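The structure appears right after this line, and notes come after that.
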Amino acid sequence: MNGGGDGAAHPPAAAGTDFLAVAQNQKTPAEVLEQILEHPTVAPEVVIALLRHPHTPGGAMARLAARAGGRILDVLLGSLDRLGRWIEALEALLGNPNLPATKQPTIRQALEVARKREADGARRKSLLLQIKELPVGQRLALAKKGNKDVRMILVRDSNEMVALETVSSSRITDGEILAIAMMRDVSEQVLRYIANNRKYRQNKQIILALLNNPRTPVGVSLSLGIHGLTDRELTDLSKNRNVPGVISRVAKQILDRRKGPSGPAAGGH
């Protein structure tokens, strides 16, 4: 069990040292994270890291919430939104004998929000499955008359006709267009449609979303008026490693031109 060749598979969780590095590693498996949560002297900063970790098991977090006291309890009470990922953890916290009675209403409210979020997620998943089973003609009709939830599903449809019908719906709002402009799982034609719409080209937030979206075609991005961005916006774009290199280089070139010649001789002109 304690063979030297297995050290990588069982990091400090077994030894009780340097939990933080392991808890912050996004590749750490759930079994190891569970060991850390079960440790009797787990530190508050480690718990914070585990609240953020995508693989933290809910059952282990619930067991911690049921017995936590002192600084660990303070961490959990200050992170109810994150703790709400696991409804069982909020329920366990509510039953914690160390919990001050004054905190119970806050936790009950967080529990209500978490349950609603879970129900909404289940409803959206069910809606997605229902829509996927519809023939193209019905999906096209739904793109025109559906609500926001339906549009956010159909705009990602593998059939570009359906996706374009959705993004051009008369019911769609600017807020939805902004959200779509940020999506990395929509058709390039959808992003092209948004970029070519005169109304949306006047919305700076939408333009920035398109420019920073790696799915936006280079030719489309170059037509969006990069020269009109502020220095801060250009700096962010030039440092964005997700966008095509051409776009980040253009942003940097514009910035360099604005700064003008540099060096000791610059002040003499």
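The values are calculated or read from the model by the stated rules, or taken from the named source; none is laboratory data. Computed from a prediction, not measured in an experiment: that's the story for all the values here. Neighbour counts run over all protein chains shown; Cβ positions are idealised from the backbone, glycine included. To get the accessible areas, we keep the full protein, side chains included, count just its heavy atoms, and leave off ligands, DNA and RNA. Shrake-Rupley method; radii C 1.70, N 1.55, O 1.52, S 1.80 Å.
Against the criterion of solvent-accessible heavy-atom surface with a 1.4 angstrom probe, R232, R257, R198, R123 sort, most first, into R198, R257, R232, R123.
At the listed q of 0.10, 0.14, 0.15, 0.16 Å⁻¹, the Debye profile of the chain, built from one uniform point per Cα, gives log10 I(q)/I(0) equal to -0.82, -1.02, -1.04, -1.06.
Charge dipole of the chain (Cα centre as origin; +1 on each Lys and Arg Cβ, -1 on each Asp and Glu Cβ, all else neutral): 1220 debye, rounded to the nearest 20. Each helix, a run of at least 4 DSSP H residues, gives -39500 (n - 2.57); summed and divided by the residues of the chain, these come to -17500 deg cm²/dmol at 222 nm. Per residue, the solvent-accessible area of the chain (1.4 Å probe, heavy atoms of protein chains only, all protein chains present) comes to 57 Å². 3J(HN,Hα) along the range 121-131, derived from phi through the Karplus expression 6.51 cos²θ - 1.76 cosθ + 1.60 where θ = phi - 60°, amounts to x, 5, 5, 5, 5, 5, 4, 4, 5, 5, 5 Hz, with x in place of Gly and Pro. Backbone N atoms of the range 169-205 closer than 19 Å to the 7 Å Cα→Cβ label point of K132 belong to residues 184-187.
With θ taken as phi - 60° and the Karplus curve 6.51 cos²θ - 1.76 cosθ + 1.60 applied, the whole-hertz 3J(HN,Hα) list for the range 38-45 is 7, 5, x, 10, 4, 8, x, 5 Hz, x standing for glycine and proline.
Each Lys and Arg Cβ is given +1 and each Asp and Glu Cβ -1; about its Cα centre, the range 155-269 then shows a dipole of about 440 debye.
Modelled label positions at S170 and V113, each set 7 Å beyond Cα in the direction of Cβ, lie 3.8 nm from each other. If you take the alpha carbon atoms of the range 100-228 and fit the smallest convex hull around them, that volume is 142 Å³ per residue. Measuring r between the beta carbons of R198 and L255 and using R0 = 35 Å, the FRET efficiency lands at 0.80.
Taking amide H positions as modeled 1.01 Å from N, with prolines and chain starts lacking one, no residue 5 or more places away or on another chain lies under 5 Å from M183.
Working from label points 7 Å from Cα in the Cα-to-Cβ sense, the T235 to S223 distance is 3.1 nm.
For K204, the aspartates and glutamates whose Cα comes closer than 12 Å to its Cα, not counting residues fewer than 8 places off in the same chain, are D174, E233.
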